[in-house]
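K.L.:
One structure coming up, written as C-alpha coordinates, with questions to follow.
The values are calculated or read from the model by the stated rules, or taken from the named source; none is laboratory data. Keep in mind the model is a prediction, meaning the values are calculated, not measured. Every residue, glycine as well, gets a Cβ built from its backbone with ideal geometry; the counts of neighbours run over all protein chains shown.
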Amino acid sequence: MSLLASKPQFICSKHTIFQLCVLILNLLTKNTHLLTLSCKDVGFDCNHVVKAGTEEEVIRNITEHAMKQHDMKAENMTPKMKEIIRKFIHNSS
Ligand SMILES: [Zn+2]
(Lines give C-alpha, C1' and ligand atoms only; values in the text may rest on other atoms or scores of the structure.)
Protein backbone atom coordinates (compact mmCIF):
# COMPACT_ATOMS: atom_id res chain seq x y z
CA MET A 1 0.00 0.00 0.00
CA SER A 2 2.71 2.42 0.98
CA LEU A 3 4.74 1.43 -2.10
CA LEU A 4 1.78 1.99 -4.38
CA ALA A 5 1.07 5.31 -2.75
CA SER A 6 4.66 6.53 -2.88
CA LYS A 7 5.48 5.41 -6.42
CA PRO A 8 3.36 7.87 -8.37
CA GLN A 9 4.53 10.60 -6.02
CA PHE A 10 8.15 9.67 -6.71
CA ILE A 11 7.59 9.85 -10.45
CA CYS A 12 5.72 13.06 -9.99
CA SER A 13 8.43 14.71 -7.91
CA LYS A 14 11.08 13.59 -10.40
CA HIS A 15 9.06 15.09 -13.17
CA THR A 16 8.76 18.33 -11.21
CA ILE A 17 12.52 18.46 -10.63
CA PHE A 18 13.09 17.94 -14.33
CA GLN A 19 10.65 20.70 -15.17
CA LEU A 20 12.38 22.94 -12.64
CA CYS A 21 15.74 22.27 -14.29
CA VAL A 22 14.30 23.20 -17.67
CA LEU A 23 12.82 26.33 -16.16
CA ILE A 24 16.12 27.33 -14.53
CA LEU A 25 17.99 26.64 -17.76
CA ASN A 26 15.55 28.79 -19.67
CA LEU A 27 15.96 31.57 -17.14
CA LEU A 28 19.75 31.36 -17.33
CA THR A 29 19.69 31.56 -21.10
CA LYS A 30 17.33 34.51 -21.06
CA ASN A 31 19.30 36.29 -18.36
CA THR A 32 22.42 36.65 -20.46
CA HIS A 33 21.06 40.17 -20.94
CA LEU A 34 21.10 41.33 -17.36
CA LEU A 35 21.65 45.05 -17.55
CA THR A 36 19.05 47.49 -18.79
CA LEU A 37 18.92 51.20 -19.38
CA SER A 38 15.89 53.25 -20.37
CA CYS A 39 16.36 55.97 -22.91
CA LYS A 40 14.09 58.01 -20.64
CA ASP A 41 16.65 57.67 -17.83
CA VAL A 42 19.26 59.56 -19.83
CA GLY A 43 16.87 62.40 -20.55
CA PHE A 44 15.13 61.57 -23.81
CA ASP A 45 11.35 61.46 -24.14
CA CYS A 46 11.47 57.93 -25.47
CA ASN A 47 10.39 54.46 -24.38
CA HIS A 48 13.37 52.64 -25.85
CA VAL A 49 15.10 50.25 -23.45
CA VAL A 50 18.60 48.96 -24.02
CA LYS A 51 19.56 45.52 -22.73
CA ALA A 52 23.02 44.00 -22.63
CA GLY A 53 25.31 41.78 -20.63
CA THR A 54 27.92 44.40 -19.79
CA GLU A 55 27.90 48.12 -18.98
CA GLU A 56 30.13 48.83 -21.98
CA GLU A 57 27.65 47.09 -24.25
CA VAL A 58 24.72 49.02 -22.74
CA ILE A 59 26.55 52.31 -23.28
CA ARG A 60 27.48 51.33 -26.83
CA ASN A 61 23.88 50.38 -27.60
CA ILE A 62 22.38 53.52 -26.09
CA THR A 63 24.95 55.66 -27.96
CA GLU A 64 24.01 53.99 -31.24
CA HIS A 65 20.32 54.44 -30.50
CA ALA A 66 20.68 58.08 -29.43
CA MET A 67 22.74 58.91 -32.52
CA LYS A 68 20.16 57.31 -34.83
CA GLN A 69 16.95 58.34 -33.11
CA HIS A 70 17.81 61.53 -31.28
CA ASP A 71 20.48 63.07 -33.55
CA MET A 72 23.04 62.88 -30.80
CA LYS A 73 26.60 63.55 -31.93
CA ALA A 74 29.28 60.94 -31.25
CA GLU A 75 31.44 63.59 -29.59
CA ASN A 76 28.71 64.16 -27.01
CA MET A 77 29.45 60.72 -25.57
CA THR A 78 32.38 61.88 -23.48
CA PRO A 79 33.93 59.78 -20.68
CA LYS A 80 32.12 62.11 -18.24
CA MET A 81 28.82 61.43 -20.01
CA LYS A 82 29.50 57.70 -19.88
CA GLU A 83 30.09 57.92 -16.12
CA ILE A 84 26.72 59.64 -15.67
CA ILE A 85 24.95 57.06 -17.86
CA ARG A 86 26.62 54.22 -15.98
CA LYS A 87 24.76 55.30 -12.84
CA PHE A 88 21.41 54.76 -14.55
CA ILE A 89 22.16 51.21 -15.67
CA HIS A 90 20.32 48.70 -13.53
CA ASN A 91 19.95 44.95 -13.28
CA SER A 92 16.81 43.52 -14.77
CA SER A 93 15.20 40.70 -12.86
ZN1 LIG B 1 15.46 56.87 -27.38
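K.L.:
Taking region 45-64, which residues are farther than 27 Å from Leu27 by Cα and either among the hydrophobic types (A, V, I, L, M, F, W, C) or in contact (Cβ under 8 Å) with a residue 12 or more places away in the chain (or both)?
P.N.:
Those that are farther than 27 Å from Leu27 by Cα and either among the hydrophobic types (A, V, I, L, M, F, W, C) or in contact (Cβ under 8 Å) with a residue 12 or more places away in the chain (or both): Cys46, Thr63.
K.L.:
Further question on the same structure: Determine whether Met72 is assigned to a helix (DSSP H, G or I), at pLDDT 90 or above and either small (Gly, Ala, Ser) or farther than 17 Å from Ile89 by Cβ (or both).
P.N.:
For Met72, the condition - assigned to a helix (DSSP H, G or I), at pLDDT 90 or above and either small (Gly, Ala, Ser) or farther than 17 Å from Ile89 by Cβ (or both) - is not met.
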